[in-house]
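Worksheet: one structure, shown below.
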Amino acid sequence: METLWLVVLGVLTVGYFSLAGFDYGTGLLLPFRRRDETLRRMTPFFLGNEVWLVAAIGVLFAAFPRLEGELLSGAHSVFTLVLAGLVLFMAAVQLRLWSWLVFTGALMVSVGWGLFLAHLLHAPWPVALVMPVLFAVHGWVFQTRQWKLFPLTALLCALPIPLAFSSIDVTGLMAHTNTLGLLAWVAIPIIPLVVLLQWSIVAISSR
Amino acid sequence: MSAADLARLQFATTTSFHFLFVLLTLGLVSLLVIMQTRYTLTRAPVHERMTRFWGRIYVINYALGIVTGIVMEFQFGLNWSGLATYAGDVFGAPLAMETLIAFFLESTFLGLWIFGWGRMNRWLHLALLYLTALTAFASAFWIMAANGFLQHPVGYRLDGNVLRLDDFSALLTNPTFTAALTHVVFASLTVGGVFLTGVSAYHFIKRTPEVDFFRRSLRMGVITTALATPTLMGAGFAQFPVIAEYQPGKSEAAPWIGAPLGFMILIGMTLATVSWFTLPLLIKDAVIRMRFPLYLMVIGIPLPFTAAIFGWMFREIGRQPWLVYGLLRTEDAVSHVDASQILLSLIVFTSLFVLLACVDWALIARAVRRGPDVAPAPVSPLVVTL
Ligand code: HEM
C-alpha cells in the first residue's frame, strides 16, 4: 500500500512538472518572441498542469498527513513565492496586457520550485536556478516545435523534484490503511482517465 | 497579532475570495446546462449564442477561480499543519476525493468542452457540459462533507493522539453536512439567477439591439431566482435545529455574530420577494419598458454574494474556539511558523486576490460589453481573452 501511494504521488508530480514546462517555459520566453502566436500555441495547455498540482497536494494531504504539513510549513516563504507567482502568471496571461508581467509570474513560480529543490536537497541557493533554466529550455523546444528533443526536456523538467523528494523517509507519516484503501479505489481509475482526456484536448484543439 | 490570528485572518480572506468565484461557477454552469440542452434539442441559433456568451463568462470566472483554489489547498499545509497531523486521516479523505473525483475531472471535462466547441458531435459536446456540471457539484459535495466534519466530527476513532477513519459513510450522512449542502447548492442557483438578470438588465439600460437574446436571458434569470430563493430559505431555516443540537451556543460565540446572520436572512427575503413581484411583470416585457427596475437588477448583483459571505462568517466564526468541534482547538492547529512569515503571505495573497478579483471583474465586464458576437476567436469561441 505504501509503495502504491508513493507511485501515485510520483505520477502526479511528474505530470505537473512535465506539463509545467509548456506554460512557465513559454512565459519565460514571451518577451523575446511574437506574443500572440506564442500564447496561442500555449493555450490548450494552459491550466492543464495546475490540475495535476492540485491533485498532488490533495493526495499528499490525505495519504501523507503527517508529512504534508511539515513539508509545506517548513518552506513557508518558498511556497508563498510559488503561489504568488502562480496567481500573477494566470492573471497576466489572461489579461495579456504586458509580456513582462507574464514573464515575472513565470519566473517567480520557477525560481520558487528551484528554491524548494534546494531546500529538499539542503543545497546552496544557486541550485534554484536549475528549474527556470530547464523550464525555459523546455518552453523553447515546445515553441520551436523540436519534437525530437521534446521528451528529453519534458523528463528533465519532471524529474528533479520527485527525485529529491524520494530521499524523504515516509514511514510513520502515512495515513492508516483504512483511508489509503478507500482512496485507492478513486485514484487508480481516475489518473489514466485524466491522461486520456487531456490528450484528447490537445488532439482536438490542434485539428 | 499572534500567528494564530494572522493565519485565521488569512484563511478567512482566501476562502471568501475563493467562494465568490465558486458560487458564480456553480450558478452559471447550471444555467448553461439548460441553455445548451435547448440548443442541442432545437438547434435554434439564439440558444447557441446564449450558450456561447454566458459560457465565455463562465470560462473566465473558472480560470481565475482555480488559482484561489490552489492557494486554499496549500494553505492547510502551510498554516494549519496541526489539522493534517491530528485529523488528516479523516478530514483528508473527503478533501482528496474532491481534488481527484471532482476538481481533477471537472477541469478536464471543461477543457474538452471549451476546445471541442464546433469540433465534435453536438450530443457528445452536450454530455461534456453535463459531466462538467456534475463534477462541479461533486466538488461542492466533498468540500461540504469535509467542512461538516469540522463542524460535527463523526466516523472517526481516537488512536493514540491522532484520529483514524472508522466509518466513511458517517461523514456522508452527517447532519451538519447534508443541511448545509442543500443551502449552498441553492445559494449558487440564486447567484446564477441574479447574475443573469443583472447583466441582461445592463444591456437593456444600454439599449441593446439584441432584444430577443437578452429578453430570454433576463426571463431565465428572474425565473431561476424566483424558484431557487424560497428553497434556499427553506434549507437555511432547516439548519437551525441542526445547530441547536450540535453547536448550542453558536449564536453567542461573538457579541456581533447575529448581525451577519440577520443580513443574510434579510437579503434572502428581499431577493425572494422582489423576484416574485417581477414575475408578472415579465408578461409583455413590462419590466423592460418600465426601465426603473432594470437599475435595481444591476445593483442587486452583489447581494447574494454578500449574503453568502455573511453565511460563512456565521458558520465559521460561530464554531470558535474549535477547529474540529470539541476535539481540536484552532490555536493548537497552527503550524510552527513565525508570525512574520504568515504576515508576509497574508499581505501578498490579499493584495494578489484583490488584483485577481479586479481582473475577473474587468474581463467579465469586457465580455459583457462586447455582447454575444465576438470575432475572431482563434482558439475557441468560448475563449475570448486568450
Ligand atoms: C431566509 C434566508 C436565509 C436563512 C434562514 C439562512 C440560514 C442560514 C444559517 C442558519 C446558516 C448557518 C449554518 C451553520 O452555522 O451551520 C447559513 C449559512 C450560509 N448561508 Fe444562509 N440563510 C438564508 C439566506 C441565504 C442567502 C440568500 C445566501 C446566499 C445566496 C446564503 C448563503 C449561505 C452560505 C454560503 C452559508 C454557509 C454554508 C452553510 O452553512 O450552508 N444564505 N444560512
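The values are calculated or read from the model by the stated rules, or taken from the named source; none is laboratory data. These figures come from a predicted structure and were not determined experimentally. Heads up, the Cβs are rebuilt from the backbone with ideal geometry, glycines too, and the neighbour counts pull from every protein chain shown.
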Looking at B:T306, B:T350, can you tell me which residue is within 16 Å of the ligand (Cβ to nearest atom), outside any loop (DSSP other than H, G, I, E, B) and surrounded by 13 or more Cβ atoms within 10 Å (Cβ to Cβ)?
B:T306
Can you tell me which residues in the stretch B:97-131 are crowded, with 24+ Cβ neighbours inside 10 Å, more than 19 Å from the chain's Cα centre (by Cα) and more than 7 Å from every other protein chain (Cβ to nearest Cβ)?
B:W113, B:I114
From (1) aliphatic (A, V, I, L, M); (2) over 30 Å from B:Q36 (Cβ atoms); (3) at pLDDT 85 or above, pick out the condition that doesn't hold for B:A365.
(2)
Just to verify a result, which residue in the stretch A:48-62, among those that are within 7 Å of another protein chain (Cβ to nearest Cβ) and of a type in the set (A, V, I, L, M), is farthest from A:G15 (Cα to Cα)?
A:A62
Take the residues in the stretch B:258-284 that are over 27 Å from B:R319 (Cβ atoms), touching a helix residue (DSSP H, G or I) at 6+ places or on another chain (Cβ under 6 Å) and assigned to a helix (DSSP H, G or I), then tell me which one is nearest to the ligand (Cβ to nearest atom).
B:A272
Just a yes or no: is a residue in the stretch B:81-88 without any contact (Cβ under 8 Å) to a residue 24 or more places away in the chain, within 14 Å of another protein chain (Cβ to nearest Cβ), part of a strand (DSSP E or B) and within 24 Å of B:R319 (Cα to Cα)?
no
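Looking at the structure I just gave you, is B:R329 within 28 Å of B:G77 (Cβ to Cβ), more than 14 Å from chain A (Cβ to nearest Cβ), among the basic types (K, R) and within 11 Å of the ligand (Cβ to nearest atom)?
Judged against the criteria, B:R329 is not a match.
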In this structure, is B:F204 buried (at least 19 other Cβ atoms within 10 Å of the Cβ) and within 16 Å of the ligand (Cβ to nearest atom)?
no
Are any residues in the stretch B:268-293 within 28 Å of the chain's Cα centre (by Cα), of a type outside the set (A, V, I, L, M) and surrounded by 14 or more Cβ atoms within 10 Å (Cβ to Cβ), and if so, which ones?
B:G268, B:T270, B:S275, B:W276, B:T278, B:P293
Any residue at all in the stretch A:125-141 that's more than 10 Å from chain B (Cβ to nearest Cβ), crowded, with 24+ Cβ neighbours inside 10 Å and within 30 Å of B:S139 (Cβ to Cβ)?
yes
Name every residue in the stretch A:155-202 that is more than 11 Å from every other protein chain (Cβ to nearest Cβ) and under 30 Å from B:F115 (Cβ atoms), in order of residue number.
A:L155, A:L156, A:C157, A:A158, A:L159, A:I161, A:P162, A:P192
Which condition number does B:P255 fail, the rest of (1) within 16 Å of the ligand (Cβ to nearest atom); (2) part of a loop (DSSP other than H, G, I, E, B) being met?
(1)
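Condition first: of a type outside the set (A, V, I, L, M) and either under 18 Å from B:R164 (Cβ atoms) or surrounded by fewer than 24 Cβ atoms within 10 Å (Cβ to Cβ) (or both). Now tell me which residues in the stretch A:56-69 satisfy that.
Quick first cut of the stretch A:56-69, residues of a type outside the set (A, V, I, L, M) only: A:58, A:61, A:64-66, A:68-69.
Once the filter is applied, which keeps residues that are of a type outside the set (A, V, I, L, M) and either under 18 Å from B:R164 (Cβ atoms) or surrounded by fewer than 24 Cβ atoms within 10 Å (Cβ to Cβ) (or both), the stretch A:56-69 yields A:F61, A:F64, A:P65, A:R66, A:E68, A:G69.
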The helices (runs of 4 or more DSSP H) lying entirely within the stretch A:38-112 that contain at least 3 residues which are in contact with an Asp or Glu (Cβ under 6 Å, 6 or more places away or on another chain) are A:48-63
If you check A:L12, A:L6, A:L29, A:L53, which single one turns out to be surrounded by fewer than 24 Cβ atoms within 10 Å (Cβ to Cβ) and within 14 Å of the chain's Cα centre (by Cα)?
A:L53
